[in-house]
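S.K.: Take a look at the following structure, please.
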Amino acid sequence: MNLQHKYNNKLLQEKSPYLLQHAHNPVDWYPWGGEALARAVAEDKPIFLSIGYSTCHWCHVMERESFEDEEVARILNKHFIAIKVDREERPDVDHIYMSVCQAMTGQGGWPLTILMTPERKPFYSGTYFPKKSRGGYPGIIEILEHVKDAWVNEKDTLVESSDKIMKHMHMEFGASERGEVNEEAIDSAVSSFSSNFDKKYGGFGSTPKFPTPHNLMFLLRDHIQTKSSNALNMVEKTLESMYRGGMYDHIGFGFSRYSTDRKWLVPHFEKMLYDNALLAFTYIEVYQTTGKESYKRIAEQIFEYVLRDMTSAEGGFYSAEDADSEGVEGKFYVWSPQEIIDVLGHKDATEFCEMFDITDKGNFEGANIPNIIESKISLDKLTELPLDNMRRKLFLYREKRVHPYKDDKILTAWNGLMIAALAYGARVFGNKSYLAAAKNAVSFIQDKLIRADGRLMARYREGETAYPGYLDDYAFLVWGLIELYEASFDVKYLQLAVRLNDDMIKYFGDGDKGGYFIYGSDSEQLIARPKEAYDGAMPSGNSVAALNLLRLGRLTGSTELEEEAERVFSVFADKVNNYYMGHTYMLMALMFSRGKGSEIVIVGDRKSASVQSFIDKINKNFMPYSVVVVKDVKEADEIKKMIPYTEGQNMVDDKTTAYICENFACRASITDIDRLMEVFNQ
């Protein structure tokens, strides 16, 4: 027993930072698993399920108010079996019960609170509850007392209610009839974004505002296809406004999870790996499209933050940083004018405070979030301003503060996203350090997160690997590997992508109807086995899988993979047609399938200056519907096995040679780099 704490519960043996945060609560918490579930059945007690994550502000609030409270603990320990779940380790459990909460209450979020039968069937749900009722919110004590009495006196009613809820959820989780995505889907989605667009501050809809980078990636592709200035304007305005706001950390770089206000000024201060990966990817794409150096610099700053603060010594990427420090949300990130003066001196402080809206009045609870929202200086000029020396001094000063908690678990799915972003950055910027970081992360995953039998796993922390990988782990990592192949043209990354994609189909595929389940056929079987196509804060595993299938199909010449992608479109067609804006990554995959794309094969010595010059020319162009292969003459036989259509594609006159195929037809070979660019610009 740990004598330093008054209470210790069964979470003490877990590796999850979130579960460990609750290991000394007076609540007799169990982790999700057989022991807790068996005890619920044996003692015929309802289950109190609480789901959250380590950097969740309102999870911390509910813990302080209720789970550290002995009165609440007495009720829970006597009349319930209390189970804690880290949503980032168990997205399967979280998805099922979050769907229940949304169906029952019309909303969701974390902390997620579920009351259910010993058979895991829910009958009551909600999110944050205070200890005692206030402001229209029922208190947790009131809820627990009511359920305790109902379990004794009206148990049949609760069980009947849970059966009805699960019957409804099984209908919700069931796949729709196979169909086709409407022809007007893309135009209608763009129109919906236009009508929801905030012309003054960028972004869409009302507060809170989330970055949702894949929505911007979708609009960028519409711009490429239609030459719509409206689509590009929405993308640029949103990206610029997010950067100008306090949602961006102007001192240490990186984006917070979302903005609580219209102007992107006040963030929810937690920083998530997935947001920063997807935003870096998006800024790079817009840099390619527009050629504006400011977007490149912002992406580089995101990578500086990730490589400095979010990278383990072993090469994997950490998950998140908390919003709170010293129990106060945002304390680490805010400033007073006097602090700026103390660090920079009066002259520089005056310039810095004027630029970054640091005032005596403050813009956040009496303190100041640095931002450049009201600055009239262009984004390009802002990212060039000679204030970096001041910023560095402030950064070093800030480093001495108490840092927010860092969730240092390494998740395969989120690492896949950062690998994709870094590889793409390496490719477009020609940055070898980004390429090395992406390769190191893949090596880490191969060493630590692939089981001896080849099964991909979901989480690593402090030497422990746990949980068979979910759909997102496979789909996001395959995306990263495709990007890494097109950044390095090392065929081993393409081979690993194909193998993992095959395993994804094997473990998650629905052979009858199409599409992919959230968790594998070899994983713990829960009360439902849902599929998901909704592209929320992150794109869904099914959406990413669909685009991966198409890209791998084009890269390897496999029509079977492209047909598999069409089955994904078909099975989710009804859901896409019912809400276009909620399926933008799926629509991106559809655009790839239907768009004018090309397969580009470059033949030569992969490491030669000539081949590299061809690659550099290609990488300057934003070509989201094209795939690129390098047939290294030293690896020709191995590449032919992997990519059979490259047989017969050889160097002409011993020169680096490009072959371009479009719409099932191939052009004449090209050995002149200027001619190559003419073809791309036609």
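S.K.: Applying the Karplus parametrisation 6.51 cos²θ - 1.76 cosθ + 1.60 with θ = phi - 60° to the phi angles of the range 666-673, what ³J(HN,Hα) value in whole Hz is obtained for each residue in order, glycine and proline being reported as x?
M.R.: Result, ordered by residue: 10, 7, 5, 4, 10, 10, 9, 5 Hz.
S.K.: Could you rank the peptides 144-155, 286-297 by their average count of other C-beta atoms within 10 Å per residue, with the highest value first? Walk me through the numbers before you get to the answer.
M.R.: Details: 144-155: 14.6, 286-297: 18.7.
With the highest mean Cβ count within 10 Å placed first, the list reads 286-297, 144-155.
S.K.: Quote to one decimal, in nm, the extra length available between S133 and R74 on full extension: 0.36 nm per residue of separation minus the C-alpha distance between them.
M.R.: Here the segment from S133 to R74 would lengthen by 19.4 nm.
S.K.: Note down the relative contact order for the range 598-680 as a percent, whole number, built from C-alpha pairs under 8 angstrom at least six residues apart.
M.R.: Answer for the range 598-680 is 37 percent.
S.K.: Leaving out same-chain residues fewer than 8 places away, which lysines sit with a Cα under 22 Å from that of K432?
M.R.: Leaving aside lysines fewer than 8 places away in the same chain, those within reach of K432 are K292, K296, K492, K607, K617, K620, K631.
S.K.: What's the extension gain from D512 to E184 if we count 0.36 nm per residue and subtract their Cα-Cα distance?
M.R.: Result for the pair: 115.3 nm of gain on full extension.
S.K.: Here is a further query. How large is ³J(HN,Hα), in whole Hz, for each residue of the range 333-350 in order, when computed from phi with the Karplus curve 6.51 cos²θ - 1.76 cosθ + 1.60 and θ = phi - 60°, using x for Gly and Pro?
M.R.: 9, 9, 9, 10, x, 5, 4, 4, 5, 4, 7, 9, x, 4, 5, 5, 5, 4
S.K.: Spelling out what I want: for every residue of the range 121-131, take phi, set θ = phi - 60°, compute 6.51 cos²θ - 1.76 cosθ + 1.60 (Karplus), and round to whole Hz; glycine and proline get x.
M.R.: With the stated coefficients, the range 121-131 comes to 8, x, 10, 8, 8, x, 10, 6, 10, x, 4 Hz.
S.K.: Considering only the other residues whose Cβ falls under 14 Å of the Cβ of P267, what net charge follows from Lys and Arg at +1 and Asp and Glu at -1?
M.R.: Here the charged neighbours net out to -2.
S.K.: Roughly how many debye, to the nearest 20, is the charge dipole of the range 10-173 about its Cα centre, given +1 on each Lys and Arg Cβ, -1 on each Asp and Glu Cβ, and no other charges?
M.R.: Dipole size: approximately 80 debye.
S.K.: Taking Cβ-Cβ under 4.7 Å as the only way to count a partner, pick out the unpartnered cysteines of the chain.
M.R.: C101, C353
S.K.: Taking amide H positions as placed 1.01 Å from N in the peptide plane, with prolines and chain starts having none, which residues 5 or more places from F123, or on another chain, fall under 5 Å of its amide H?
M.R.: Those lying under 5 Å, H to H, from F123 are L115, M116, T117.
S.K.: In debye, nearest 20: dipole of the chain around its Cα centre with unit charges on the Cβ of K, R (+) and D, E (-)? The partial results should precede the final answer.
M.R.: Working: 80 positive and 101 negative charges, 145 e Å.
Using Cβ point charges on Lys, Arg, Asp and Glu, the chain gives about 700 debye.
S.K.: Now for a different question. Counting other beta carbons within 10 Å of each Cβ, put S325, S613 in order, fewest first.
M.R.: Neighbour counts put them in this order, fewest first: S613, S325.
S.K.: Could you pull out the trypsin sites (Lys or Arg not before Pro) across the range 372-407 that fall in loop regions by DSSP (anything but H, G, I, E, B) with no more than 12 other Cβ atoms inside 10 Å?
M.R.: K376, K400, R401
S.K.: Next question, about the same structure. Between K131 and residues 5 or more places away or on another chain, which pairs have amide H atoms under 5 Å apart, with H built 1.01 Å from N, and which residues are they?
M.R.: Placed amide hydrogens put I140 under 5 Å from K131.
S.K.: Normalised by the residues of the range 10-173, what does the relative contact order come to in percent, with Cα pairs under 8 Å and at least six apart?
M.R.: Working: 269 pairs, mean separation 37.4, N = 164.
Over the range 10-173, the number comes to 23 percent.
S.K.: Label points 7 Å out from Cα along the Cβ direction at T359 and Y397: separation in nm?
M.R.: So the two model labels end up 2.0 nm from each other.
S.K.: If you don't mind, another one. Report the label-to-label distance for E326 and S610 in nanometres (one decimal), using points 7 Å from each Cα along the Cα→Cβ vector.
M.R.: Going from the E326 label point to the S610 one covers 6.4 nm.
S.K.: Assuming R0 = 30 Å, can you tell me the calculated FRET efficiency for the pair D502 and N578, based on Cβ-Cβ distance, to the nearest 0.05?
M.R.: Computed FRET efficiency for D502 and N578: 0.45.
S.K.: Rounded to the nearest 500, what is the 222 nm mean residue ellipticity of the chain from helices alone, with -39500 (n - 2.57) per DSSP H run of 4+ residues and division by all residues?
M.R.: For the chain, the value works out to -15000 deg cm²/dmol.
S.K.: Extension gain A103-E384, at 0.36 nm per residue separation less the Cα-Cα distance, in nm?
M.R.: Additional length available on full extension: 96.3 nm.
S.K.: Can you list the residues, at least 5 places off or on another chain, whose amide H is less than 5 Å from the amide H of A82, using H built in the peptide plane?
M.R.: When sequence neighbours closer than 5 places are left aside, the close amide H contacts are Y30, F48.
S.K.: Given R₀ = 45 Å, what would the calculated FRET efficiency be for Q338 paired with Q4, taking r from the Cβ atoms and rounding to 0.05?
M.R.: So, using R0 = 45 Å, E works out to roughly 0.75.
S.K.: On to the next question. Using alpha-carbon pairs under 8 Å, 6+ residues apart, how would you state the relative contact order of the range 1-67 in percent? Spell out each step's value before the answer.
M.R.: On the way: 57 pairs, mean separation 18.3, N = 67.
Computed value for the range 1-67: 27 percent relative contact order.
Where a number appears in this text, it was derived from the coordinates with a stated rule and is not lab data. Just so you know, these numbers come straight off a predicted model, no measurement behind them. Using ideal geometry, Cβ is built from the backbone for each residue, glycine included, and neighbour counts are taken over all protein chains shown.
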